[in-house]
Amino acid sequence: MPSTDQPDLLGLRRTPTQRRSLERLHRALDAADRLVAAEGVDALTTTTVAREADISVGSLYQYFPDREAIITALASRYLAGFDELVEQVVEAASREIWPDPIGVVLDAFVARWRSEPGYRALWLGSQLPPQLVEADRDNNRLIADAARRILVGQGHLPDTPELARRCWVAVLCCDALLREAFRADPEGDPELLAEAGVVLRGYLLDPADASADPSPKDPR
């Protein structure tokens with residue numbers, strides 16, 4: 001059952017506070033998600049979302065002034081889910097030892113891309129409005145910082161400005177590779193996904209050790 005917790009969603013005309021209103025809002029977004037996943041972004045209109053959600057168009061307009069607002073709110077909900085995933089991965093890394101943390105993190109994001117057909121359709125099939133482009137960049141910055149924290153915390157690399165910069169560049173590269181892999185195959189092109197791991201390990205690890213065993217270095 002979808003959560004009725006309210007993340008900070010972009011695009012809303014107003015933010016509901018009562019439980020029934022929150023449930024109606026999430027029902028509309030769940031309907032938009034199903035439509036995008038099944039038919040693509042072009043299928044989204046205020047009429048089709050209201051029909052799929054079994055609510056009146058008037059009720060929908062209480063939250064969304066137009067079609068673009070629905071897309072913006074849906075996209076920001078996807079991004080909030082990715083932010084939550086990032087924190088879960090960082091928390092797990094603080095409790096476990098990962099010989100190959102890059103592989104673990106990449107697998108987590110690949111799994112999310114596979115499980116979110118609506119996200120794939122939206123990110124691969126349309127031009128994001130400026131508001132969402134910046135939100136997407138903020139999401140990538142969060143991922144880059146999480147990668148830095150994981151690599152340092154696991155004892156693979158020292159915490160330096162160079163590592164922070166490399167993590168940012170690596171996330172941008174990985175984002176492009178994931179988009180291309182899932183544009184080619186809804187499950188992710190396996191060869192491109194494998195190459196993404198090779199690229200990330202080779203770039204983020206010490207270049208002298210890029211082809212070596214990725215096990216943590218002894219910090220002593």
- Could you give me the residue pairs with C-beta distances under 7 Å whose first residue belongs to segment 100-127 and is in a helix (DSSP H, G or I), whose second residue is of a type in the set (Asp, Glu) wherever it lies, and which are 6+ apart or on separate chains? ARG114/GLU187; GLY118/ASP33
- What number goes with the only condition from (1) surrounded by 16 or more Cβ atoms within 10 Å (Cβ to Cβ); (2) part of a helix (DSSP H, G or I) that ARG51 does not pass? (1)
- Query: Checking SER126 against (1) at pLDDT 95 or above; (2) surrounded by 15 or more Cβ atoms within 10 Å (Cβ to Cβ); (3) under 26 Å from SER76 (Cα atoms), which test does it fail?
  - Reply: (1)
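One line per residue, one yes/no per condition, for (1) at pLDDT 90 or above; (2) part of a loop (DSSP other than H, G, I, E, B); (3) touching a strand residue (DSSP E or B) at 6+ places or on another chain (Cβ under 6 Å); (4) surrounded by 13 or more Cβ atoms within 10 Å (Cβ to Cβ):
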| residue | (1), (2), (3), (4) |
| --- | --- |
| PRO7 | no, yes, no, yes |
| ARG24 | no, no, no, yes |
| ALA31 | yes, no, no, yes |
| TRP98 | yes, yes, no, yes |
- Item | Selection within segment 58-78 - in a helix (DSSP H, G or I) and more than 24 Å from the chain's Cα centre (by Cα) | GLY58, SER59, LEU60, TYR61
- Message: Just the residues that are closer than 17 Å to ASP107 by Cβ and either of a type in the set (Ser, Thr, Tyr) or part of a helix (DSSP H, G or I) (or both), please, taken from segment 144-172.
- Response: ALA146, ALA147, ILE150, LEU151, ALA170, VAL171
- Message: Which pairs turn up if I take residues in segment 26-44 that are of a type in the set (Asp, Glu) and look for partners that are crowded, with 16+ Cβ neighbours inside 10 Å and part of a helix (DSSP H, G or I) with beta carbon separation below 8 Å, at least 6 apart in sequence or on another chain?
- Response: ASP30/ALA53; ASP33/LEU74; ASP33/GLY118
- Task: Evaluate the following for ALA53: is it of a type in the set (Gly, Ala, Ser), at pLDDT 90 or above and more than 25 Å from VAL133 (Cα to Cα)?
- Result: yes
- Verdict on CYS167 being within 13 Å of ILE102 (Cβ to Cβ), surrounded by fewer than 17 Cβ atoms within 10 Å (Cβ to Cβ) and in contact (Cβ under 8 Å) with a residue 12 or more places away in the chain: no
- Query: With (1) at pLDDT 95 or above; (2) touching a helix residue (DSSP H, G or I) at 6+ places or on another chain (Cβ under 7 Å) as the list, and VAL36 as the residue in question, which single condition is left unmet?
  - Reply: (1)
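The rows are residues; the columns are (1) within 15 Å of the chain's Cα centre (by Cα); (2) surrounded by 13 or more Cβ atoms within 10 Å (Cβ to Cβ); (3) among the charged types (D, E, K, R); (4) farther than 20 Å from ILE97 by Cβ.
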site: LEU132; (1), (2), (3), (4): yes, yes, no, yes
site: ILE143; (1), (2), (3), (4): yes, yes, no, yes
site: PRO158; (1), (2), (3), (4): no, no, no, no
site: LEU163; (1), (2), (3), (4): no, yes, no, no
site: LEU178; (1), (2), (3), (4): yes, yes, no, yes
site: GLU187; (1), (2), (3), (4): no, no, yes, yes
site: LEU204; (1), (2), (3), (4): no, yes, no, no
- Item | Residue satisfying all of: in segment 51-88; in contact (Cβ under 8 Å) with a residue 40 or more places away in the chain and among the small types (Gly, Ala, Ser); nearest to GLN18 (Cα to Cα) among these | ALA73
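The values are calculated or read from the model by the stated rules, or taken from the named source; none is laboratory data. All of these numbers come straight from a predicted model, not from anything done at the bench. A quick note on method: Cβ atoms are made from the backbone with ideal geometry, for glycine too, and the neighbour counts reach across all protein chains shown.
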